[in-house]
Amino acid sequence: MKKILCLFLASIMALSIVGCGNGSKSATSSTENSYSDSEFINSIAKSLEKRWSIVESKEAESFEQESREYYANISSAIDAELEIVSKYRNSEFKDHNLQELAIKYINALEDSKETADLLPSDDASLYDKWENIYDTRTTIIKTLVDDYGMTVSEKYQNTLDDLINNAKSVEKDTAIKEKVDKIADSLKFDKKSDGTGYYTYTTKFQNDTGVNFDYLTFNIDLLDSEGTVIEQQFLYFENVSDGKSYSGDFITDTSFDHYEVT
């Protein structure tokens with residue numbers, strides 16, 4: 001009797017263990033399914049194809065480039081994209097970097113729609129803004145392709161390639177700009193009086209950017225102790241070769257507290 005009772009209790013315990021195991025697996029699966037990472041990647045691809053189907057449509061081909069109809073069509077394409085991806089602004093992601101990219105991309109879409117609705121325009125700054133937003137979008141799209149494996153259908157692969165090529169150019173330009181900014185930050189000036197109240201400020205730098213420049217200009221803001229710009233100077237160089245050193249100067253009788261170079 002005792003043997004039968006022991007077997008009975010052992011069976012119950014075994015069933016309990018199996019039940020607990022299944023419950024844990026279900027909870028883990030449920031948690032994984034609550035994340036939007038994979039769904040977002042697929043939705044971005046879908047939204048891009050929807051956008052491109054509008055801007056590359058037969059009707060769009062009839063619009064004069066840079067006309068109001070041209071930008072209105074783009075605005076409609078952006079709406080189509082936002083309709084698919086805007087919900088991910090408040091979604092939960094397992095990968096926090098991907099979540100930041102999602103929010104940044106949605107913000108870029110909203111900014112681009114706002115700008116498209118104002119174009120064409122006589123305000124040149126709007127075109128600069130439009131181009132900057134495009135650069136931001138393409139950079140994010142390249143990251144989604146490179147780091148998260150986003151793909152589009154073969155029909156739109158060439159369009160995607162064009163965006164990625166732009167992103168590569170942006171990354172290259174950004175890297176060069178950072179190197180030039182580093183040179184600007186490092187500039188120190190030797191001060192020499194000519195005896196008449198004017199001073200010559202001389203500096204020297206080496207082009208270590210790995211790039212040859214047709215021209216390179218450093219803008220110098222002379223500031224007082226409160227940070228107000230009281231005079232502006234500049235150094236201009238032509239045919240700046242990589243690896244070579246260059247010297248430049250400016251002359252002023254202005255008394256200033258400090259300077260900033262860009």
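The figures follow:
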read-out: The one condition in (1) open to solvent by less than 80 Å² (accessible area, probe 1.4 Å); (2) within 21 Å of ILE44 (Cβ to Cβ) that LYS129 fails to fulfil; value: (2)
read-out: Where a residue in region 182-195 is farther than 14 Å from LEU235 by Cα and its partner, wherever it lies, is surrounded by 12 or more Cβ atoms within 10 Å (Cβ to Cβ), with Cβ under 6 Å and at least six apart; value: ASP190/THR202; LYS191/TYR199; LYS191/TYR201; LYS192/THR200; SER193/TYR199
read-out: Residue in region 219-227 that is among the charged types (D, E, K, R) and loosely packed, with under 14 Cβ neighbours inside 10 Å present; value: yes
read-out: Check on LYS50, open to solvent by 80 Å² or more (accessible area, probe 1.4 Å) and modelled with pLDDT of 95 or more; value: yes
read-out: All positions within region 239-262 that are in a strand (DSSP E or B) and either loosely packed, with under 15 Cβ neighbours inside 10 Å or not hydrophobic (A, V, I, L, M, F, W, C) (or both); value: ASN239, SER245, TYR246, SER247, GLY248, ASP249, ILE251, THR252, HIS258, TYR259, GLU260
read-out: When residues of region 192-218 are limited to those that are closer than 11 Å to ILE251 by Cβ and not in a loop (DSSP other than H, G, I, E, B), the one least open to solvent (accessible area, probe 1.4 Å); value: TYR201
read-out: Neighbours by Cβ (under 6 Å, 6+ apart or cross-chain): first from region 55-71, touching a residue at least 12 places away in the same chain (Cβ under 8 Å); second of a type in the set (S, T, N, Q) and open to solvent by less than 80 Å² (accessible area, probe 1.4 Å); value: ALA60/ASN73
read-out: Qualifying residue in region 66-79 (condition: loosely packed, with under 15 Cβ neighbours inside 10 Å, over 25 Å from ASN42 (Cβ atoms) and within 14 Å of the chain's Cα centre (by Cα)); value: no
read-out: Residue within region 113-136 that is over 26 Å from SER67 (Cα atoms), among the basic types (Lys, Arg) and at pLDDT 95 or above present; value: no
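Rundown of residues vs (1) open to solvent by 60 Å² or more (accessible area, probe 1.4 Å); (2) not in a loop (DSSP other than H, G, I, E, B), yes/no style:
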{"residue": "LYS94", "(1), (2)": "yes, no"}
{"residue": "GLN99", "(1), (2)": "no, yes"}
{"residue": "LEU109", "(1), (2)": "no, yes"}
{"residue": "THR115", "(1), (2)": "no, yes"}
{"residue": "ASP122", "(1), (2)": "yes, no"}
{"residue": "ASP135", "(1), (2)": "no, yes"}
{"residue": "ASP147", "(1), (2)": "yes, yes"}
{"residue": "THR159", "(1), (2)": "no, yes"}
{"residue": "ASN166", "(1), (2)": "no, yes"}
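The values are calculated or read from the model by the stated rules, or taken from the named source; none is laboratory data. Since this is a predicted model, take the numbers as computed values, not measurements. Here Cβ is always computed from backbone atoms with ideal geometry, including for glycine, and neighbour counts include all displayed protein chains. Surface areas here come from the heavy atoms of the whole protein model, side chains and all, with no ligands, DNA or RNA. Shrake-Rupley method; radii C 1.70, N 1.55, O 1.52, S 1.80 Å.
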